[in-house]
Amino acid sequence: MNAPHAFLDTLSDSLQQKLHKLGLLSDFDLVLHLPLRYEDETRLSPISEGVPGQVAQIEGMVSEREVLTRPRRQLVCKLHDGSGTLCLRFFHFYASQVAAWSPGTRLRVLGEVRAGFGGLEMIHPKCRVVQAGMGLATALTPVYPVTAGLPQRTLAKLIRQAFEHVQQAALLTEIIPEAVLTTHRLPAFEASLAFLHRPPAGTPMQGLQARTHPAWRRVKFDELLAQQLSMRAHYRQRRSHRAPVLHRPDSLLKALLSSLAFTLTEAQRKVVAEISRDLAQPHPMQRLLQGDVGSGKTVVAALAALQSIGNGFQAVIMAPTEILAEQHYQKLSVWFAPLGVSVAWLSGSQKKAERKLELEKITGGLAMLVIGTHALFQEPVQFDRLGLVIIDEQHRFGVSQRLALRMKGMEADGVPHQLMMSATPIPRTLSMSYFADLDVSVIDQLPPGRSPVVTKLIDSSRREQVVARIREACHAGRQAYWVCPLIEESEALQLQTAVETYQTLNQTFPDLKTALIHGRLDSHEKSAIMAAFSQGAVQLLVATTVIEVGVDVPNASLMVIEHAERMGLSQLHQLRGRIGRGADTGICILMYQQPLSEVARKRLQVIFKHTDGFEIARQDLLLRGPGEYLGTRQSGVPMLRFADLEQDADLLEAARAVADTLLRDYPQQAQWHMRRWLGSRKDYLRV
Ligand code: ADP
Ligand code: MG
């Protein structure tokens, strides 16, 4: 679109390099480099009407000028305009300025008026010597994000030139159908950009600064649309692959369901149906299953796996930690054995001979379900016929890991179906934007009989009370977790802290059976400890955050988390989700150490007040913003510069609908739009 003769190409190399630093790689990027704010140089205010705290442009005559050395070296000029006197202070200045601003000179200054010692003043105002016939600006002056060596005025000129260039080349033509614009009351694209770069005199500042002006909304809509288009195009492209058609094996599913000690919740039944329908399609499922901690995703995964297996295709379940993978292995082996389905187990720490045996079962098609940690895919695993890949706790995996997994599945039968499961609920606006390349199912209900966990916040200086509570609970036959502080900087230090905590607690509780579990233990040690805890042979389990995901021991009803102020909200929610799974009310004690940072205090308030994972996730998003919230995912997804998911939720909905229409009915316009917005950004969605 930009190709044959870009304005950018006419610039010197050094100028281009500076633009690159701002991420401006095409004419269009320049045009979309929108002001951070504006200055109003369209009118003059009399000094006497200056209001402290407000920005004003004032013109007057220099009456005094002196360089003071006390209390700080500074240049002070007195300006007066007949209505009053304004004092200008400069702590950094050049000799040339001292010379130019001699008494009698007329100056036009723009800056924030302040109440000074001896009247109104401005510190470091923008200053210009008034030349004969120098009129006022006719538009608000844009203030752009700049970089070193590229002054505001130069950048503004480049943007203006680039704008004229693309305008002349007819590259700003309207792409969005008229009807859509009318419905959402959006102004034309070209006019919106022209307006934002040069709002006419008299435009109220409020809507510009808050970015609620219709011109801003148009730009945000187009940005959201570009994101939707790229995600949806990607979704469609993956959907164009072939996948094995997996019919629902009714008797097999019934056999599993009737062997369970519970019946599915309404919410589970709904998502099972959604998944089952996808699997029967001739193109690969790409579904994200969200369900709060404890909502019962495992059985949903098991049913999906059975649908694959019932059609003669293998299924894989991949988990982020060894403990979790092992737990799935044990649970599913028990569920599947009576159905005559054999399960293979792969882990990173497995002995060579054992691994070889398991691999043979997989390659030969003897094992129909394969469970393991992601280490499972670090070396090639040859499947007989792979129909479905299930990724538990998907948020723990990076995009690249997901990709690697999919590539291995490319076989004669087509691409395997994919089910990603996440216990970190994704707020609706996020799942509509950054996860728009997936179909989403939500389990929005917990199994019956759960009582919410009671959360307590306790200052770490009151450790004795916590200790007493644990002792009491364990003597009454309950079990407890003690979660060690997270030390992000160093795994070695984290381990050391865990070992020390364990030793201390062992001395504190000579009467209890305690054990320590952490990520460095080998899988046999880990599973032996988890088994002992499950069976009640261990009463107090001291653990690092390895128990964060998935671990399921219903009799454990008490949890202490040390230095809770260091942990993120989703991590705290996950940890807390380990308890309250049995008959007793779960109690989670969050110990924190003063002083608390503002963010830490807010996080603790959120986790204290809320138990609903979706609400916690929403609060988390508000505290952190989407970039940080998304973590690994963001690398492959176009990020948003202008739109704000909360504020612009209505535009997001509209963009979603329009994206699908454009892709279907106006594919060329869709391509143009993506090229405009994302063309120069090479890293956009390649998942
Ligand atoms: P998560 O969604 O966190 O992975 P799990 O699948 O581990 O949750 O399930 C949590 C617990 O709830 C398990 O002990 C599981 O057997 C049990 N469970 C799952 N579904 C139901 C149900 N419909 N009724 C009662 N208990 C259930
Ligand atoms: Mg789980």
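Just so it is clear, none of the values below were taken in a lab; they were calculated from the coordinates. No experiment lies behind these values; they were computed from the predicted model shown. Positions of Cβ are backbone-derived with ideal geometry, glycine not excepted, and every protein chain shown enters the neighbour counts.
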### Ranked Thr497, Thr183, criterion: other C-beta atoms within 10 Å, fewest first
Thr183, Thr497
### Query
Which listed residue (Gln167, His197, Ala100) has the Cα farthest towards the positive end of the charge dipole for region 65-217, taking +1 on Lys and Arg C-beta and -1 on Asp and Glu C-beta about the Cα centre?
Ala100
### Task
Give me Leu155, Leu575, Leu495 ranked fewest to most by other Cβ atoms within 10 Å of their Cβ, as a rough exposure proxy.
Leu495, Leu155, Leu575
### Task
Enter the Cα centre distance for the pair region 339-375 and region 425-444, rounded to the nearest angstrom.
32
### Message
Positive end of the dipole of the chain, charges at C-beta (+1 Lys, Arg; -1 Asp, Glu), about the Cα centre: which of Ser451, His33, Ser433 has its Cα farthest in that direction?
### Response
His33
### Message
Counting only other residues whose beta carbon sits under 13 Å from that of Leu663, what net charge do I get with K and R as +1, D and E as -1?
### Response
+2
### Task
Rounded to whole Hz and in sequence order, give me ³J(HN,Hα) for region 96-103 from the Karplus expression 6.51 cos²θ - 1.76 cosθ + 1.60, θ = phi - 60°, writing x for Gly and Pro.
5, 6, 4, 5, 6, 9, 6, x
### Query
What residues qualify as long-range amide H neighbours of Gln479, i.e. H under 5 Å apart, gap of 5 or more or another chain, H built at 1.01 Å from N?
Ser557, Leu558
### Sequence-distant residues sharing a close amide H with Ile371 (under 5 Å, placed H)
Ile317, Ala344, Trp345, Leu346
### Query
What does the charge dipole of region 498-578 about its Cα centre add up to, to the nearest 20 debye, if the Cβ of each Lys and Arg holds +1 and the Cβ of each Asp and Glu holds -1?
100
### Query
If you add up the charges near Glu615, with Lys and Arg at +1 and Asp and Glu at -1, over every other residue whose beta carbon is less than 13 angstrom from its beta carbon, what do you get?
-1
### Task
List Tyr434, Tyr144 from most exposed to least, where exposure is judged by having the fewest other Cβ atoms within 10 Å.
Tyr144, Tyr434
### Message
Beyond 30 Å, how much of the Cα-Cα pair distribution for region 250-443 remains, as a whole percent?
### Response
13
#### Entry: Given charges at beta-carbon only (K, R positive; D, E negative), |dipole| of region 44-135 in Debye
340
### Query
Cα centroids of region 168-228 and region 54-121: how far apart, whole angstrom?
39
#### Entry: Antiparallel content of DSSP bridges confined to region 250-443, in %, to 5
5
### Summary
Per the Cα gyration tensor, the chain corresponds to an equivalent ellipsoid with semi-axes, largest first in Å, of 58, 35, 21
### Task
About the Cα centre of the chain, how large is the charge dipole given +1 on each Lys and Arg Cβ and -1 on each Asp and Glu Cβ? Please answer in debye to the nearest 20.
500
## Note on the structure
Diffing region 472-478: the Karplus 3J(HN,Hα) column from phi (6.51, -1.76, 1.60, θ = phi - 60°), in whole Hz with x for Gly and Pro, holds 4, 5, 5, 5, 7, x, 8
### Message
Going by amide H atoms built from the backbone, whose H comes under 5 Å of the H on Val415, apart from near neighbours?
### Response
Arg242, Ala243
### Message
What is the sum of charges, Lys and Arg at +1 and Asp and Glu at -1, for the other residues whose Cβ falls under 12 Å from the Cβ of Ala531?
### Response
-1
### Summary
HN-Hα couplings for region 291-308 via Karplus (6.51, -1.76, 1.60; θ = phi - 60°), in whole Hz with x for Gly/Pro, come out as x, 4, 3, x, 7, x, 7, 4, 5, 5, 4, 4, 5, 5, 4, 5, 5, 5
## Note on the structure
Here the percent of antiparallel bridges among DSSP beta bridges lying wholly in the chain, to the nearest 5, is 40
### Message
Helix-only estimate, please: 222 nm mean residue ellipticity of the chain, summing -39500 (n - 2.57) across DSSP H runs of length 4 or more and dividing by its residues, to the nearest 500.
### Response
-12500 deg cm²/dmol
